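Written out below as C-alpha cells is the structure these notes cover.
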Amino acid sequence: MNKLRLFKNLFLCTLLLIQGFVMAQNRTITGKVTDSQGAAIPGATIQIKGTKSGTTADADGNFKLSLPTSANTLIISFMGQKTQEVNVANQTTVNIKLEAENTTLTDVVVVGYGTTRKKDITGAIAQVKAGDFNKGITTAPDQLIQGKVSGLMVVNNSGAPGAATTVRIRGVSSVRSGNQPLYVVDGVPLDGRVARPSLNVGGLGQTPDANPLNFINSSDIASMDILKDASATAIYGSRGANGVIIISTKKGTPGPTRLDVNYSIGMSNIMKRLNVLDADEYRAALKQYNLTGGDFGSSSNGMNSILRTGITHNVGVAMSGGNETSRYRASFGMQDQQGIVKKTGLKKYTATLNGQNKFLDSKQLGIDYNIMAAQTTEQLAPITNDAGFTGSLVGQALQWNPTMPIYNADGSLNILPAGKAVNPAAMSEAYNDKANISYILASVSPFFKFNDNWEYRMTYSVNHQVGQRRTSVASFINLNDVIGKGSAAYNTAELNTQLLNGFVTYNKQLNSSFNLNAMVGYEYQKFNYSGVNVNAVGFPTYAIDYTDILQAPAQANTHLSSFRNPSSELQSFFGRVTLNLKDRYIFTGTMRADGSSKFGSNNKYGYFPSFAASWNITKEEFMKGGTFFDNLALRVGYGVTGNQEFPAGASQAQYGIGSGGSASLINVANPDLKWETSKQFNAGVDFSILNNRLSGTVDYFYKNTTNLLFSFPAIQPAPASNYWINLPGKVVNNGVEVALKGVIINNKDFTWNMGVNGTFLHNELKGYSGPPVITGAINGQGVSGATSQRLANGYPLNTFYLRKFIGFDDKGQSVYADNGEKLYYLTNPNPKVLLGVNTELIYKKWSLAASGHGAFGFQVYNNTANTVLPIGNLGSVNIAKSLLGNGEALTNAPSASSRYLENGSFFKLDNVTLTYNIGNVGKVLKNAAVYVTGQNLFVITKYTGFDPEVNTDKNVNGVTSFGIEYSPYPTARTFMFGLLFSL
Amino acid sequence: MTYNIFRSALVVAACVGFTACSLNEKLGDALVRKDADSIIKAPQLLQNAYNNLQYAYQDFSQTWGMSEMSTDEALGPTRGKDWDDNGVWRELHEHKWTPDHAHINNSFKGLLLLQFSATNVLNFRPNPGQEAEARFLRALSIFSVLDLYGQVPFRNPTDTLLNAPKVMKPAEAIEFMKSELTAVTPNLGNMPATQAYVANKDAARFLLMKLYLNKGAFLNRQAPTFDAADMQEIIKLADQITASGYKLADNYYDNFARDNDVKSTENIFTQQNGPGFSTSRLPSANNVFCRWMCTLHYSQRPSGWNGFTTLSDFYDKYEPTDKRLGGFYSGVTDTSGLKVGFLIGQQYDQNGNKILDRSGRPLIFTREVQLRATGDQVEMSGIRVVKYPPDFLTTKSTSENGNDASNDFVFFRYADVLLMKAEALLRTGNAPAALLLVNQIRLKRGATPLAALDLNSLLDERGRELYWEGWRRQDLIRFGKFLQPWQLKPTDDPKYLLFPIPTSDLAVNKNLVQNPGY
C-alpha cells in the first residue's frame, strides 16, 4: 500500500485552484430571522441570490449584510425550516419568519461516504435524532435508540454499568458470534472489539463483555442512522450484512460562540428482586420438609448485603461556534455511575474536538477533523457468565442461607470453610477488579470542491485503545482456588485500527428534471490486537493490593503469557450512482469490491452490488389535486452484503509456541475461506397524510444468508477440534416493519405526538445437512456439559433442544417424556414481534415524554432457577420460594429441561421524562431547562427472573447463544434529575 | 465536452486510483508453515504431543471415565442437585450411552489430537530417538481409539487436513501398531536409565503385550480368541521388561504418590505432573488431582467435588488384610486425616475429630449407593476411592484444590506386566506358572496366596491390583464379562462393547461407519 502516493494525489488536487467571486458591495441591510412562533433562529443562513456570499444570524436571530445594488433577493435557510426567498429591493430592514418544514422529507441522512436528502432515499434507513433519544443514564449510544426504530432490537445483556448489548437488525442471520451491526462514527467504521482484557480469576468464570461504544459520550451525538436493507448497507460490503449504524456527532454551527452545560444526578436501585425465602420462611420450610439441619438461628438477606443505591453524576460542557469558513465544537464529559451492586460502576471521562476549516479565497479546500478521547474505569464484581458450583456473586447472594449471619457477633464477616457456601458480602469484600481503558479515535478529512459538480474527500483515521485490568481475590475468601493463598491477575490489551479512504463525488443537475449523483472511492483498513497477561497465586498479605506486589509469589506460581492476533487488512473499491428523475423516479446503484487479508488465498476479493428504486407517487400528475396524501412513495431494493467476522489467520496454517518451548500446529487452515453472503430484498412504502400529521413507513424484507461462516468440527485427526468453513445451508430472515408517527393534538399551547413501531420477524435455518450444532451452555452445580440450544435444519436459530418436562412422580422426582432419554426441539428465544412506543405531550413550557418497548413470542431459559435456587438447596442454602410444596423431592436432580423455559414476552416502560423549559433567564442563561426522568419504571411480563430482556453469553465453541439468563447483574430502576442551559 | 470528460476521468483516477496493495496476512504470535519449517524443531512438537496425553488420559471425564465408569469398579451417582450433568455418568454405568454423549465425543477428538500431534513430529526432521518416541505416542493413541471405538481414522504426516482420512479397521490397525512398535523399540531409551515419563523400550514392549493380549477381542469382541503364538510373544516381552530390574513396590501407594517418579519401583510409563506441567496444558484439562477431587466430600481436606464411588460388590473382592485397601499414608493422613485407598464409614480429620457433612451430621460413607442417591444419604452414600495420595507439599504455596499436584500419572506399571504374563501362561495351559506370578503379587500386597488360578480369579486379581487405573473395561471385554449384569446395571446389549462414533465426526468423515446398533 503506497500511502505516500495518496498524499501526493491530495496535494495535486489542492493545486487545482478555481477562481472565486469578487463582488462590488454598496448597500447594507439588517434584519431578524424568527420561526413561526416568533422565536429567534440563531445561525440561520442568509444568502444573496445568485452569489455565494451571505452571512448567518447571530444568537438573537439578527443579521447585517452588505449587498450589491444589483441584488434584490435574499435566500434564508435553516435546517428544519422551509427555505424562503425574500425580495429586499428598496428595503433596509427585513423581518423574516420561517415556516417549519415537513422535516421527514428534507432531513439529511447519512448513507455512507456521503449524505443524501431523505426524499432521495431508496433504501430502508431510519434516523433518530438527539431530541428523540432515550433519556436517563446511558453508557453507550446503542441504548439511546432502544425501541425507537422498527426492525432494530437492542437487548441489554445485563444491568451492569457499561455492559455489552446485543443489537440485531432484522433478526439473527449468522450462526456464530459477529451478529452485531457495523458501527460507523463520523465516517469511520469501527472495529467491533474493545481493548478490555478478559480474565478468569479464582475459578469464578468469565465476566461479561464491555460495550465497545462506551467511549462515546451520549450527549455528543447529533443523530444515528440505522441502515437496514442491503441496498443501504451494500456500500459497506463485506462488513455490512448485519446492518449498519452510523453515529454522527454534534458539530459547531456558524454563529456566535455558545457554551452548553448539562448536569444530572441519578439514583438507581434494583428493579426487581427474585422471590427467595426469608429466615422465618426458611425455618418453616425446613420443618415442612422434615429437615433437622440448616437453621443457623440468625436472620439475613444475601442480596441486601451486596446491593446499594447507586448514585450517578453526569456533567457535560460543550463549546461551539464558528463562521462560514471555520467552525468547531469542543466538549467535555464526566460520568460517574455507581452500580447497584457494591463495588461496581463506570467512570467515564470524554473529550472531543471537531471542526471544519475552509481555505483559499475560493473556500474550495476544507478540512474536517474530529478527535474523540476517552478514559473509562470500569469496576467489576465477580458476576460471570459461566460460574460453576461455587457460583458467582449474584448466585451466592441469592443462595445465601437466610438463617446464617452475614457478620459474626464481633462484626467480622462470617466466612465458612472451603467448599461451603460463599458469603456474598465477603466475596464482594475480597474481590477487586478494575478495567481501565484509554481510547483515541481521531480522523482528519480534507476535501476539495473543484466546482459545483466535483468534490473530492479523503479521510485518515486512527482508533487506538489501551486497556489494563487489575484483578485480585483476597486469600480470606473460601474459594478452593483462593483460600489461604490469594490470586491476582494483571492483563493488558491493545487495539489499533487505521483507516485511509478517498472518494470523489459528482453531482449535477443535467437538466431541469434529471439529477445525477455519483461517487467512487477507495478504502484501506488495518486491524491489530495484542495483549500481555500476568497471573499469580500465593501472596503474603492482602493489606496491599496483590496487583501492586506481583513479585511476591514464588516464581513457579507466577504465569506470564502474551499474544498478538494476526493483523488483518481490508482494501476496498466502491461506488454509488443516484439518478433523480423529476423528483419522482429515483434509482440508486452501489457496488463495492472488498479484498480482505483474512480471506483464503483462493478467494481474496468479494463483490457486493445493490440496486434500488423509489417512486414518489405524490409528484405524479394524476395525484395533483388529490389531498389525501401529502407524500406517498414506494421503494424497492435488492443487494448483496457480506460478513467477515471470523478470526484473522483462519485461512492459513499457524504454528504456535506454547509454554516451556513446546510448539504445535494450532489450526486447520482453510484457503477457500471467504465472506458470508447476505442477499436481501426490500420493498417499502413511505406515506404521510392529514397535512403530514400522520406519517409512516412499512417495509417488507427477505434476507437470505449463505456461505455461513462457521467453526465446524474438524475432520479428525486434526490439530484442533474445529475449523472455519463456509457452511452449506442458508439462514432466512423475513419480516415486516411498520413505523407510524402522528401528531394527535396540535394547538398553540398543547401538542401531543405519538410514535409506534412494530416488527414481525421470522427466522429459519434451511438447506443444512451437516450435524446439528450445539450451543447454549447451561452452568452451575450438577449440570456440567449440559447445553440447551441447537442450530438445526428447518428450525429458527438457537431453537431450544431439551428434555420435555412433564411433572413429578409420586416420589417427587422429575418425569420427562421418553424417560428423559430423548430430547426435543422446542420453542426459540427469537422474538416474533418487537414493539416500540414513544409519546410526548407539550403544554406551554412543560413537556412529558414517555417511551417503552416490548418483545413478544419468545422464551427465555432460566438457568438461575435451574441451578442457583433448586429445591435441593434446602437444608444448606436458599431456594426459590415458588418451589415450596410443589411436590418435588429434595433429592430431585435439576436436569436441564423444558421446565426452565419461560415465556419471555414483555413490555417495559423504559422512560418517562418531565421537562420544564425555563427558556432564557435574564441576559445570561439561555434555553435553560430542568427535568426529571424515571428509567425502567415497570415491566409487564410473566418471566420470573430479574428481567426477560437478558442475554448471558453461553456460547459453545464460539457458536452464539441467545436468550439464557444465568444469575446476571440485575437491572436497575433509576430516577434522575437534570438541568441544562446555554451561555 | 471531450476535454471535460477527460479532465473528470483524470481527477477520479488521481484521487481514487491508488495502487492496490497485495493483501498478505501477517500472523502475530504464530508462524506460517514456511517459517515454522526452519524455526520449529522436532523436540518442541514432541513436547506438545506428550502434553496432549493429559486431557485424553488424565482427565476424569475422558478415556478414564469411559474405561472405568462403564464397569463394576466405578460409579458416578447423581447426588440430588449435584452430578446430574445431563446423565453422562449414569449412562456410562447403566450402558445407555448415545452418540451424543459429550465425553464420548470429546475423548474421540482428544485421542485423535494426540495422533495428529505425534504424527506431525515426523514432518520436522526428528532424529531417530525423537521419531521413535513420536511413533510410540501415535501407536498409543491408535490403541486407545481401537479399544474404545473399534475403528481408527488415520492420517499420514503429509495428508491434507481438509480431506477425510482413511479409517483403519481392527485387523489393519493391529498390524500397523505391531510393526510400528517393533520398529521403534530399538531406538527408544533403556530403562531404568530413561525417566518413566519419556517413552522407552519397556513402554513399547508393554503396549505390544497389551496388543497381543487384546488382539482377539479387538477382532471379535463377543467371542475373543487367543493365539498361542501371541501368548508366547507376551511371555517373551514380559521377560525382556523384567530384565530391566523392576520390583513390586513395598508400599503399593508409593507408585501413585507425589514423589512416585523417585519412589516407585514399578512404573514403566508415566506422564510428568507438577507446577508448570499441568496448568499449561489444554484448557479445562485436569491432571491426576481430579482422581481424588471427584471422589472426596466437600468437608474433607482437600475439599472435593463429592462425586464418584466404587461399588460394594467390587469392594468385597478384597480380604481385610489386603494392603491395597489402603489406610494411613505419610504426608497425607498426618496432614489432613485423609486415608488412601478405599474410604468407608466415619471420616476423621488429622486430629481425630469426626468430619461433618454440610448440614452438620457426621460424615459416614456408606457401603451402598444408588444411581440417584436419595434422602439423608445424598451426600454420603458410596465407598470413596483415593488411589493417588493427594499432594499437600507441592500445593502448599498454591492451592490444595489446584491443578498443580506432582503425582505423575501412571500409564503402565510392572505389576500389570506380571499379570499379563500370568494370563498368557494361563491361556496357554500353564496355570501353575501363572499362579506363582499372581501369588508373588498377592504376597507383596498382604493378601493370602491363592490355591489355584482360573480365568475368573485372574480377572478378580487384575481388578484388585489395577483398580481405577483405566484397564477394567478392556479386561471385562477380553474375559467375556462386559455384558453381564452387575450392581446398578441389570441388563445390557452387545452394541455397548463399542462406543459409538460421535455424530459430528461421522458427518464429516464418510469413511467412518457407525458402530452396529447405534
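How large is the convex hull of the Cα atoms of segment A:508-591 per residue, expressed in Å³ as a whole number?
Convex hull of Cα atoms, per residue: 182 Å³.
Using only Cα atoms, what Kirkwood radius does the protein assembly as shown have, in angstroms?
Taking the inverse mean of 1/r over all distinct Cα pairs, the protein assembly as shown comes out at 35.6 Å.
If I take every Cα pair under 8 Å that is 6 or more residues apart in chain B, average their sequence separation and divide by the length, what percent do I get for the relative contact order? Don't jump to the answer; show the numbers that get you there.
Numbers: 920 pairs, mean separation 100.3, N = 518.
Answer for chain B is 19 percent.
Report D for segment A:277-320 in µm² per second (integer): Stokes-Einstein, Kirkwood Rh on Cα pairs, 10 °C, 1.306 mPa s. List each step's numbers first, then the result.
Details: Rh = 14.3 Å.
Once the numbers are plugged in, D ends up at 111 µm²/s.
Just grab the label-to-label distance for residue B:368 and residue B:228, each label 7 Å out from Cα along the Cβ direction, in nm (one decimal).
So the label points at residue B:368 and residue B:228 sit 5.0 nm apart.
Please give the helix A:3-15 orientation as an angle from the longest Cα principal axis of chain A, in degrees from 0 to 90, rounded to the nearest 10.
The two axes meet at around 20 degrees.
Expressed as a whole percent, how much of the Cα-Cα distance distribution for segment A:145-246 exceeds 23 Å?
The proportion of pairs with Cα distances above 23 Å equals 29 percent.
Which whole-number percent of Cα pairs in segment A:391-533 have a distance greater than 17 Å? Write out the running numbers ahead of the final one.
Values: 7507 of 10153 pairs.
Across segment A:391-533, Cα pairs with separations above 17 Å total 74 percent.
Work the Kirkwood hydrodynamic radius out for segment A:564-664: mean of 1/r over every pair of different alpha-carbon atoms, inverted, in Å.
17.9 Å
Please report how far the C-alpha centroid of segment A:945-966 lies from that of segment B:114-175, rounded to the nearest whole angstrom.
Using only Cα atoms to place each centre, the spacing works out to 39 Å.
Taking GluC sites (Glu not before Pro) that fall in a DSSP loop and have at most 15 other Cβ atoms within 10 Å as cut points, what is the longest piece of chain A between them?
Working: sites that count: A:99, A:324, A:620, A:821.
So the longest stretch without any such site is A:325-619.
Pop the C-beta distance of residue A:923 and residue A:549 into the FRET formula with R0 = 60 Å and round what comes out to the nearest 0.05. Before the final figure, lay out each step's value.
Working: r = 59 Å, r/R0 = 0.98.
Result of the calculation: an efficiency of 0.55.
Using Cβ contacts closer than 10 Å as the measure, can you line up B:472, B:372 from fewest to most? All intermediate terms of the calculation are to be shown ahead of the outcome.
Details: B:472 24, B:372 17.
In order of increasing Cβ crowding within 10 Å: B:372, B:472.
Taking a 18 Å limit on the Cα-Cα distance, which of the listed pairs A:822/B:481; A:52/A:358; B:263/B:317; B:96/B:489; B:201/B:236 fall beyond it? Intermediate values should be presented prior to the final figure.
Working: A:822/B:481 29 Å; A:52/A:358 14 Å; B:263/B:317 28 Å; B:96/B:489 10 Å; B:201/B:236 14 Å.
Check vs 18 Å cut-off fails for A:822/B:481; B:263/B:317.
Over what distance in Å are the Cα centres of segment A:275-319 and segment A:718-763 separated?
38 Å
Out of the chymotrypsin sites (Phe, Trp or Tyr not before Pro) in segment B:250-354, which ones are loop residues according to DSSP with at most 15 other C-beta atoms within 10 Å?
On the way: sites: B:252, B:253, B:256, B:269, B:277, B:289, B:292, B:298, B:305, B:308, B:314, B:315, B:318, B:328, B:329, B:342, B:348; in loops: B:277, B:298, B:305, B:308, B:318, B:328, B:329.
Within segment B:250-354, the qualifying chymotrypsin sites (Phe, Trp or Tyr not before Pro) (loop, at most 15 other Cβ atoms within 10 Å) are B:328.
Using Cα-Cα distances under 8 Å and only pairs 6 or more residues apart, what relative contact order does segment B:16-137 have, in percent?
Working: 101 pairs, mean separation 40.9, N = 122.
Relative contact order for segment B:16-137 comes out at 34 percent.
Distance from the Cα centre of segment A:133-191 to that of segment B:73-96, in angstrom?
That distance is 42 Å.
First select every other residue whose beta carbon is under 11 angstrom from the beta carbon of residue A:844; then total the charges, Lys and Arg +1, Asp and Glu -1.
Numbers: positive: A:748, A:845; negative: A:749.
Value of the local net charge: +1.
For Cα pairs less than 8 Å apart in space and 6+ apart in sequence, what is the mean separation divided by the residue count of chain A, i.e. the relative contact order in percent?
The value is 12 percent.
If you project the alpha carbons of segment A:230-285 onto their three principal axes, what span does each projection cover, largest first, in Å?
70, 42, 13
Does anyone have the angle between helix B:228-242 and the longest principal axis of chain B? Alpha-carbon axes, 0 to 90°, nearest 10?
Between helix and principal axis, roughly 90 degrees.
Restricting things to Cα coordinates, could you compute the convex hull volume per residue of segment A:24-98 in Å³?
76 Å³
Mind jotting down a quarter of the surface of the convex hull over the alpha carbons of chain B, in square nanometres, one decimal?
Orientation-averaged projected area of the Cα hull: 31.7 nm².
Classify segment A:117-179 as rounded, prolate or oblate, taking a ≥ b ≥ c as the square roots of the eigenvalues of its Cα gyration tensor: rounded when a/c is under 1.5, otherwise prolate if a/b is larger than b/c and oblate if not.
Because a/c hits 1.5 or more and a/b fails to exceed b/c, segment A:117-179 counts as oblate.
In degrees between 0 and 90, to the nearest 10, how far off the longest principal axis of chain A does helix A:279-288 point, with axes built from Cα atoms?
50 degrees
Taking the convex hull of the Cα atoms, report for segment B:305-427 its projected area averaged over all directions, in nm².
The number I arrive at for segment B:305-427 is 10.1 nm².
Which chymotrypsin sites (Phe, Trp or Tyr not before Pro) does segment A:595-642 hold that lie in a coil by DSSP with at most 10 other beta carbons within 10 Å?
Passing sites in segment A:595-642 are A:628.
Once the convex hull of the C-alpha atoms of segment B:279-369 is built, how many Å³ does it hold per residue, rounded to a whole number?
Once divided by residue count, the hull of segment B:279-369 is 129 Å³.
Tell me, A:313, B:103 in order of fewest to most beta-carbon neighbours within 10 Å?
Numbers: A:313 14, B:103 26.
The order, fewest Cβ neighbours first, is A:313, B:103.
Could you list A:427, A:224 so that the one with the fewest beta carbons within 10 Å of its beta carbon is first and the one with the most is last?
The fewest-first ordering by Cβ neighbours comes to A:224, A:427.
We did not get these values from a lab; they are worked out from the coordinates using the rules stated. Remember, it's a predicted structure, so these values are computed and weren't measured experimentally. Note: ideal-geometry Cβ built from the backbone for every residue, glycine included; neighbour counts use all protein chains shown.
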